[in-house]
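All of the numbers you see were taken from the coordinates with simple rules; none came from a lab. Computed from a prediction, not measured in an experiment: that's the story for all the values here. Neighbour counts are summed over all protein chains in view; Cβ atoms, including those assigned to glycine, are modelled from backbone coordinates with ideal geometry.
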Amino acid sequence: MASGVAVSDGVVKVFNDMKVHKSSTPEEVKKRKKAVLFCLSEDKSIILEEGKEILVGDVRQTVDDPYTTFVKMLPDKDCHYALYDSTYQTKESKEDLVFIFWASESAENKMIYVSSKDAIKKLTGIKYESQADCYKAVKDAAPWQKN
């Protein structure tokens, strides 16, 4: 816990599900989360933002690449934490979990998000971390930005 903010059990479950790929059937793979947004609740705990997720099955049905779709989910005037399950090519296919702290330039609640992000970062398994305050910065992210 940091700054009195706790991570909800639902966030821990989503985080663990994203980092451990137990899915084996094609139907289970389609239900796996590709990206999720987290926010602070009124009682100051980090929770899953309702309706703000991309499923692996949804990725195959969109025109945009998954990362572009994810960036479009970020709110214009608010802060959020996000997890993105990145897939990219090196000599082999790689999947890494990316933590993104989104703090829109016009957000008024930045201080509580900044002081609370360590609570969620304590969850193990994050390969990359990024912080952005504008869409260009989040779009220009590191090696995991595509798919």
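Here's the picture: a label point sits 7 Å out from the Cα of Ser8 along the beta-carbon direction, and within the stretch 24-56 the residues with their amide nitrogen under 19 Å of it are 33-55.
Using the Cβ-Cβ distance between Ser115 and Thr68 with R0 set to 35 Å, the FRET efficiency from 1/(1 + (r/R0)^6) comes to roughly 0.70.
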